[in-house]
Amino acid sequence: MKLAMIGFGQAGGKIVDRFLEYDDRTNSGIVRAAIAVNSAKADLIGLDNIPQENRVLIGQARVKGHGVGADNELGAEVAEEDIDEVQNAIDSIPTHEVDAFLIVAGMGGGTGSGGAPVLAKHLKRIYTIPVYGLGVLPGTDEGGIYTLNAARSFQTFVREVDNLLVFDNDSWRQTGESVEGGYDQINEEIVRRFGILFGAGEVGDGQEVAESVVDSSEIINTLSGGGVSTVGFASEEVELNTGGGLLSRFTGDTGGDDNLDAANTTNRITSLVRKAALGRLTLPCEVEGTERALLVLSGPSEYLNRKGIERGRKWLEEETGSMEVRGGDFPRGEPEVAAAILLSGVTNVPRIKRLQQVAIEAQDNIDDIQRESEENLEELVEDDEDELEPLF
């Protein structure tokens, strides 16, 4: 799948930057064009892979390149005001070669959480190709203002895109790690999962063609209908044998290719599919009630057992209760067999309900604090009002 990726805000820019690095490393060819948009000049300078001419600084008249300070209303306003500057960068994208736009943003800050929905609305007015969002939720320990931003941004973003893929930082942060190290690890997890998902079906010179090809239309159909999506992932290493055969912890074989056990491989693939669906999703949720799903099995073709993939797809159909479960294989030279599962149109998401509840409480607290602050100020100055006259 060929994507035009737009990283909005600091988190969005870093993730798109990492996607370009992944593309280069794996030769997957997912990113047809990449743009970073920000109101903070320092964040744009800190990127490594996005071309200089594709870095767009917005809001200079309002915030002078210093960012919007986690104020996502201001983030939305500067995005509205400078949308033509963003469009100028998008004009250089050969959109006839692109399958979809993907707007990537952290939803807890100011620029991305406010500006990404504005850009999505703008793109959908102009282009006929799908506009997807990839939104990153802040951790619950990041504070009330970020939770409030995320809840408001989520509510708006999900309405403006054709589908919102969500990654929840809360599920991926590890105790004791540094902030920078934590976000690096999270960004790598995001890129790895979505990289395999969007990279499926791409065949280069000398590469094997899948038995059951997953191309861009499969992904688009799975994401059609809107709503919220999450991605599951599981993998097992495959070892290369210098004697010519492939050895694998995946099959438990001790010999070469001749010893591959079809029944064992089938069972292992089914097990991988279960791990991917019931393990750590990018957004934790109940898989039952999922509207549509897509299963991609990647790895050396010797291990992509057709029967195993079909059995895994059938199991996913039963688990989700969906009649729309697509599946296929993606032969790759990487020393691992991986299952990536896209669950689209999920509705039973406790994290989102909690996020909205905490945001409502934060909103009430902010209003109470504002009222109390005004009363305290009145109290502070009114004692002297009888004796002193104001200047104007």
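The values are calculated or read from the model by the stated rules, or taken from the named source; none is laboratory data. All figures in this text were calculated on a predicted structure; none of them were measured in a lab. All Cβ positions, glycine included, derive from the backbone under ideal geometry; neighbour counts span all protein chains shown. For the accessible areas, the whole protein counts, side chains as well, though only heavy atoms, and no ligand, DNA or RNA atoms are used. Shrake-Rupley method; radii C 1.70, N 1.55, O 1.52, S 1.80 Å.
Key figures
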| item | result |
| --- | --- |
| In sequence order, calculated HN-Hα J values of the stretch 155-169 (Karplus, 6.51, -1.76, 1.60; Hz; x Gly/Pro) | 4, 7, 4, 5, 7, 8, 9, 6, 6, 10, 8, 10, 10, 9, 4 |
| Heavy-atom accessible surface of the stretch 270-356: percent carbon and sulfur, 1.4 Å | 46 percent |
| Antiparallel content of DSSP bridges confined to the chain, in %, to 5 | 35 percent |
| Largest-first ellipsoid semi-axes for the chain, taking √(5λ) over the Cα gyration tensor eigenvalues, angstrom | 44, 23, 18 |
| Choice from ARG173, ARG152, ARG274 with maximal GNM fluctuation in the chain (Cα, 10 Å cutoff) | ARG173 |
| Peptides 51-58, 154-161 ordered by average Cβ neighbours within 10 Å, highest first | 154-161, 51-58 |
| Residue of ILE360, ILE269, ILE35 that the Gaussian network model of the chain assigns the largest fluctuation, springs spanning Cα pairs under 10 Å | ILE360 |
| Most mobile listed residue (HIS96, HIS66, HIS122) in the chain, GNM with C-alpha springs under 10 Å | HIS96 |
| Gained length - ASN88 relative to ALA263, 0.36 nm times residue gap less alpha-carbon distance | 57.5 nm |
| Apportionment of accessible area to carbon and sulfur, the stretch 29-71, percent (1.4 Å) | 47 percent |
| Listed pairs LYS275/LYS314; LYS41/LYS124; LYS121/LYS353 exceeding 20 Å between Cα atoms | LYS41/LYS124; LYS121/LYS353 |
| Average accessible surface area per residue within the chain, 1.4 Å rolling probe, Å² | 47 Å² |
